[in-house]
Amino acid sequence: MSFRQMYEEKYMRFPCGKAKALSFSYDDGVAADKKLVKIFDRHGLKATFNLNNLLFDCENWHGRMDERETFETFNGGSHEIAVHGARHIFLDKVPLAEAVNEVLQNRLYLENKFKKIVRGMAYAYNGYNDAIISMLKGLGIDYSRTTESSHTFAIPGDWLKLKPTCHHADAELGNLSDKFFGGSPEKDFKHREPWFFLIWGHSYEFDDHNNWHVIEEFARRAAKAEDVWFATCGEVYRYCAAYNSLVFSLDGERVYNPSCIPVWLEIRGTVYEIPAGGERVFEKN
């Protein structure tokens, strides 16, 4: 028998066997989002936009859109809408009952207005603690993005403490981009876990700093990356959940996918698609 060592380990791969995923998360529902959406759409990228529902028409607060503009900007597109609190308050600085109402009002409005299930979120002001996280679990929130940059491409261990890779104005954006687009976990023998690059920010910052070229240049570069899955935060979460639901035989050579979406994984250097509701037996080299 040949010595195979880590080739027995199984690694999640994204749709079509890709080892890298890219997403964006932008807050507040401001007028500059309209320009940002056009940039993403032009380059085939996807983003999550975190919206408040009781702050429409606050033009003096970074140019927030009114209700009609907000609906027209995000309805029917490829992007995700997510909770950001009804009033954009610190959830960890109010009574828990008020925090519950803040999230519930926001989620109910978004679901009723956009006619879709909303289970994603971003913390306004990065305000959260253990009590808030426990509350979100009870309110059906799957993930919530923080503002704490990880400077890594690691899949989050706790999706209710989702750390983005970096802000779009982070000094490390260039280096991280070079690593992400120029490298791949598949090139590493020992650490072949998939990469998830998540960029966050506020689109009004591009106007404030006159630096729209930052996101435009990044988007052009990303569009050329055929080995990257472009997805919303919610899509990445749901895919990871489907992968984690896989059921393996005791010897690890047979797998069943109980989810409703196909899942890909790599074992012994070969990538396999596990169909929704189907089984797969791995080939031995």
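Could you go through region 14-23 and let me know if any residue there is in contact (Cβ under 8 Å) with a residue 12 or more places away in the chain and in contact with a Leu (Cβ under 8 Å, 6 or more places away or on another chain). Yes, region 14-23 has at least one match. When the residues of region 9-66 are filtered to those that are of a type in the set (Lys, Arg) and touching a Pro at 6+ places or on another chain (Cβ under 9 Å), the one that is farthest from residue 230 (Cα to Cα) is 13.
Of note, residue 178 does not satisfy the criterion of being of a type outside the set (A, V, I, L, M, F, W, C), outside any helix (DSSP H, G or I), at pLDDT 95 or above and open to solvent by 10 Å² or more (accessible area, probe 1.4 Å). Is it the case that region 92-100 has a residue that's in contact with a helix residue (DSSP H, G or I) (Cβ under 9 Å, 6 or more places away or on another chain) and either within 22 Å of residue 49 (Cβ to Cβ) or assigned to a loop (DSSP other than H, G, I, E, B) (or both)? Taking every residue of region 92-100 in turn, at least one turns out to be in contact with a helix residue (DSSP H, G or I) (Cβ under 9 Å, 6 or more places away or on another chain) and either within 22 Å of residue 49 (Cβ to Cβ) or assigned to a loop (DSSP other than H, G, I, E, B) (or both). For region 258-278, the count of residues that are open to solvent by 70 Å² or more (accessible area, probe 1.4 Å), within 18 Å of the chain's Cα centre (by Cα) and free of Cβ contacts under 8 Å to residues at least 40 places away in the same chain is zero. The set of residues in region 11-38 being among the acidic types (Asp, Glu) and part of a loop (DSSP other than H, G, I, E, B) consists of 28 alone.
Of all residues in region 60-73, those satisfying the criterion of being open to solvent by less than 70 Å² (accessible area, probe 1.4 Å) and touching a helix residue (DSSP H, G or I) at 6+ places or on another chain (Cβ under 7 Å) are 63, 65, 71, 73. The condition of being more than 24 Å from residue 68 (Cβ to Cβ) and either open to solvent by 50 Å² or more (accessible area, probe 1.4 Å) or of a type in the set (Asp, Glu) (or both) holds for only one of 101, 112, that being 101.
The combined condition, being touching a Gly at 6+ places or on another chain (Cβ under 8 Å), part of a helix (DSSP H, G or I), within 29 Å of residue 215 (Cα to Cα) and not β-branched (Val, Ile, Thr), is fulfilled by residue 41. For region 143-154, which positions are closer than 14 Å to residue 25 by Cβ and assigned to a loop (DSSP other than H, G, I, E, B)? Across region 143-154, the qualifying residues are 146, 147, 148, 149, 150. Restricting attention to region 44-59, which residues are surrounded by 15 or more Cβ atoms within 10 Å (Cβ to Cβ) and either among the hydrophobic types (A, V, I, L, M, F, W, C) or on the phi > 0 side of the Ramachandran plot (or both)? Result: 45, 47, 49, 51, 55, 56, 58. Cβ separations smaller than 7 Å between residues 6+ apart or across chains give the following pairs from region 174-187 residues that are under 15 Å from residue 152 (Cβ atoms) to residues that are open to solvent by 20 Å² or more (accessible area, probe 1.4 Å) and aromatic (Phe, Trp, Tyr): 180/195; 185/195.
May I ask you to list the residues in region 205-223 that are touching a residue at least 12 places away in the same chain (Cβ under 8 Å) and open to solvent by 30 Å² or more (accessible area, probe 1.4 Å)? Hits for region 205-223 are 205, 207, 209, 214, 216, 220, 221, 223. Of 107, 119, 192, all but one fail to be open to solvent by 30 Å² or more (accessible area, probe 1.4 Å) and touching a Pro at 6+ places or on another chain (Cβ under 6 Å); the exception is 192. Please name all residue pairs, on different chains or six or more residues apart, with Cβ atoms under 9 Å, provided the first residue is in region 79-94 and is within 9 Å of residue 123 (Cα to Cα) and the second residue is of a type in the set (S, T, N, Q) and in a helix (DSSP H, G or I). Listed pairs, sorted by first residue: 83/106; 84/106; 85/105; 85/106; 90/126. Residue check: residue 17 meets all listed conditions (1) closer than 25 Å to residue 260 by Cβ; (2) open to solvent by 40 Å² or more (accessible area, probe 1.4 Å); (3) among the small types (Gly, Ala, Ser) but one, namely (2).
The values are calculated or read from the model by the stated rules, or taken from the named source; none is laboratory data. None of the values given here were measured: they were computed from a predicted structure. Ideal geometry is used to build each Cβ from the backbone, glycine not excepted, and the neighbour counts take in all protein chains shown. SASA here: full protein model, heavy atoms, side chains in, ligands and nucleic acids out. Shrake-Rupley method; radii C 1.70, N 1.55, O 1.52, S 1.80 Å.
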